[in-house]
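To keep things clear, I will list the structure first and then write my remarks on it.
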Amino acid sequence: QQQVKQSPQSLIVQKGGISIINCAYENTAFDYFPWYQQFPGKGPALLIAIRPDVSEKKEGRFTISFNKSAKQFSLHIMDSQPGDSATYFCAASIRNDYKLSFGAGTTVTVRA
Amino acid sequence: GAGVSQSPSNKVTEKGKDVELRCDPISGHTALYWYRQSLGQGLEFLIYFQGNSAPDKSGLPSDRFSAERTGGSVSTLTIQRTQQEDSAVYLCASSPRQGRGNIQYFGAGTRLSVL
């Protein structure tokens with residue numbers, strides 16, 4: 001049973017557009033929500049992460065929005081670039097717990 | 001510095017054979033994880049090692065899967081009597097015990113194909 005549900009499975013966006021990926025969770029004990037980015041042939045790498053004491057975190061063109069009451073969080077990629085084409089995974093864990101529960105991944109394709 | 005290293009990068013085997021996958025974590029990282037990545041399925045947790053503590057094997061899908069970590073560093077994931085459904089990318093990750101908490105640093109994975 002997947003503890004974190006991620007959508008969409010894939011998306012295509014034009015260069016300069018906004019990519020939005022959504023994740024939902026059920027376990028209210030989760031309090032750490034990272035996003036990982038994976039390029040073909042590479043392992044996932046941490047992109048950005050948020051804890052539930054804030055509703056938004058921004059790093060460059062990447063923003064996480066967090067809605068604790070709805071148990072949802074999302075990744076926004078602003079001004080999407082072809083170099084952002086990758087698979088993105090959301091994840092969740094309990095603070096200081098070693099296990100990350102991953103979503104199924106979203107493949108983003110940015111067309112020039 | 002060097003990242004997480006996995007070998008081989010690709011492995012093709014015949015059904016019923018045993019395979020060993022190797023992971024060299026980042027030097028000084030005491031935590032090591034194995035995941036399985038199947039197409040469209042995300043990352044499936046397999047096993048976790050932390051220092052000298054007993055490993056968490058709760059994610060291993062069957063008794064054909066086992067892993068060990070020697071000297072608190074290199075880890076080997078062994079799959080016995082491979083089946084076609086074992087075909088996937090096997091990822092290893094490591095993390096420091098303190099400081100950056102849950103951040104896991106992944107290797108590039110081993111792509112296993114069982115014919």
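Some notes on this structure:
- When B:VAL74, B:VAL19 are compared by accessible area at a 1.4 angstrom probe, the order from most to least is B:VAL74, B:VAL19.
- Total lysine pairs whose alpha carbons fall under 18 Å of each other in the protein assembly as shown (8 or more apart, or interchain): 8
- Drop in accessible area of at least 10 Å² in the complex versus isolated chain, residues of the stretch A:89-112, 1.4 Å probe: A:PHE89, A:ASN96, A:ASP97, A:TYR98, A:LYS99, A:LEU100, A:PHE102, A:ALA104
- In terms of its alpha-carbon gyration tensor, the stretch B:5-110 comes out prolate; a/c meets the 1.5 threshold, and the first ratio a/b outweighs b/c.
- Solvent-accessible surface (1.4 angstrom probe) belonging to B:LYS17, in square angstrom, nearest 10: 110
- Pairwise centroid distance, computed over Cα atoms, of the stretch B:1-61 with the stretch A:56-112, Å: 24
- Accessible surface, per residue, of chain B when the full set of protein chains is kept, probe 1.4 Å, Å²: 50
- Charged neighbours of A:SER74, selected by a Cβ distance under 14 Å, balance to +4 (K, R count +1; D, E count -1).
- Taken about its Cα centre, the protein assembly as shown carries a charge dipole of about 220 debye when Lys and Arg each add +1 at the Cβ and Asp and Glu each add -1 at the Cβ.
- Convex hull volume of the stretch A:4-111 per residue (C-alpha atoms, cubic angstrom): 92
- For the chain pair B and A, buried accessible area totals roughly 1500 Å², probe 1.4 Å, rounded to the nearest 100.
The values are calculated or read from the model by the stated rules, or taken from the named source; none is laboratory data. Since this is a predicted model, take the numbers as computed values, not measurements. Glycine gets a Cβ as well: all are built from the backbone with ideal geometry, and neighbour counts include every protein chain shown. Side chains are part of the model used for accessible areas, which takes the heavy atoms of the whole protein and leaves out ligands, DNA and RNA. Shrake-Rupley method; radii C 1.70, N 1.55, O 1.52, S 1.80 Å.
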